[in-house]
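Take a look at the structure set out below.
Quick note: the coordinates plus some simple rules give every number you see, no bench work behind them. A quick note: this is a predicted structure, and the numbers were derived from the prediction, not measured. Here the Cβ positions follow ideal geometry from the backbone for every residue, glycine too, while neighbour counts run over all protein chains shown.
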Amino acid sequence: MKNTVLSAFMLILSVMAYAQKNKKVDVLTLGTFHFTFPNLDVQQIAKGNQIDVFETKYQKEINDIIKKLEQFKPTIIVIERQPEQQLKIDSLYNEYIKGNYQLGRDEDQQIGFRLAKRLHLKKLYCVDEWGNFNSNIEPIISGKDSLEAKKFETFFVNDPDIKKKFSLKQVFKQKGILSELIQINDEVNIKKSLGNYLIGLFKYESKNNDFFGVDFETGRWFNRNLKIFRNIQRIETKPTDKILVIYGSGHLQSIELLF
């Protein structure tokens with residue numbers, strides 16, 4: 001009887017230990033537009049439609065957003081910067097904590113640095129990556145096959161699916177940053193945006209019934225987001241940790257599927 005009770009108790013302890021060890025870490029994703037408006041994405045923002053986040057009204061709004069995010073109590077903050085920039089980001093953040101650095105315009109600093117400082121975090125994690133193209137695509141992208149590159153560029157310029165692409169009307173200038181963030185983080189809008197990567201260039205064929213477009217988008221986008229996710233996985237965590245991912249909103253439709 002004693003052995004049976006002891007065995008049962010040990011089994012319960014083992015199950016509890018397994019559950020604790022395999023407990024999922026809480027993750028909150030915050031999709032953003034790029035506060036610096038680098039216009040490196042497909043959707044371009046004209047100069048007259050951009051905002052200056054240094055303006056007093058936007059600074060107040062950013063502080064309000066940070067207070068809302070603070071309620072999640074993240075212990076780890078992830079930003080859209082490449083690991084090669086980690087030392088630079090660490091240095092800037094440390095100087096900011098000491099009061100020796102004035103924040104830049106980008107969302108990594110305006111939201112990430114401020115929130116991390118309020119929560120007394122030691123660092124922010126740089127996890128961004130670029131995708132890899134396979135041997136069919138690389139020669140065209142690298143310019144070694146100029147004829148095929150020209151064909152591909154012509155298709156891009158004259159994209160037959162351009163009217164099918166899902167896009168939101170930016171509201172940050174009319175309604176503010178918070179309204180824009182609410183809009184681009186809406187679950188329905190995130191799902192709809194995935195379709196943009198399954199039309200247009202995705203359907204391009206160099207030869208009849210080949211998979212040139214599929215290979216291109218696989219390398220350019222899906223491979224990239226899988227690598228970003230892998231970098232997040234590599235962060236050493238405890239079951240009690242909470243991760244906040246601050247990233248360009250276009251990445252959410254791929255990254256959110258993985259958490």
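To the nearest 10 degrees, how steeply does helix 223-233 sit against the main Cα axis of the chain, on a 0 to 90 scale?
The helix 223-233 is inclined about 20 degrees to the chain.
Once amide H atoms are placed 1.01 Å from N in the peptide plane, what residues at a sequence separation of 5 or more from Tyr125, or on another chain, have their amide H within under 5 Å of its amide H?
Under 5 Å from the amide H of Tyr125 lie the amide H atoms of Ile77, Val78, Ile79, each far enough along the sequence or on another chain.
For Lys242, what residues show an amide H to amide H distance below 5 Å, using hydrogens built from the backbone and excluding near sequence neighbours?
Distant-sequence amide H within range of Lys242: Thr75, Ile76.
Once both labels are modelled 7 Å past Cα along the beta-carbon direction, what's the Leu147-Lys165 spacing in nm?
Going by the 7 Å Cα→Cβ label model, 2.9 nm.
Straight-line reach from Lys163: which lysines have a Cα under 19 Å away, not including same-chain ones fewer than 8 places off?
Lys191, Lys192, Lys203
Given [x] 1.18; [y] 1.01; [z] 1.23 as candidate values of Cα Rg over 2.2 N^0.38 Å, which corresponds to the one derived from the coordinates?
Step by step, Cα Rg over 2.2 N^0.38 Å for this structure corresponds to label [z].
Once you put a point 7 Å from the Cα of Glu236 and another 7 Å from the Cα of Leu258, both along the Cβ direction, what distance in nm separates them?
Result: 2.2 nm between the two label points.
Label-point separation (nm) for Trp130 and Lys203, each offset 7 Å from Cα along Cα-to-Cβ?
Simple spin-label model gives 2.9 nm for this pair.
Please tell me the relative contact order of the chain in percent, rounded to the nearest whole number, where contacts are Cα pairs under 8 Å and at least six residues apart.
Computed value for the chain: 35 percent relative contact order.
Setting aside same-chain residues fewer than 8 positions from Lys122, which lysines have a Cα under 17 Å from its Cα?
Lys73, Lys88, Lys98, Lys238, Lys242
Treating the angle as unsigned and between 0 and 90°, give the value, to the nearest 10°, between the Cα long axis of helix 146-157 and the longest Cα principal axis of the chain.
Around 80 degrees separate the two axes.
Using per-residue counts of other Cβ atoms within 10 Å, averaged over each peptide, order 233-241, 114-122 from highest down.
114-122, 233-241
What's the angle, to the nearest 10 degrees (0 to 90), between helix 56-70's Cα axis and the longest principal axis of the chain?
Compared with the principal axis, the helix lies near 40 degrees.
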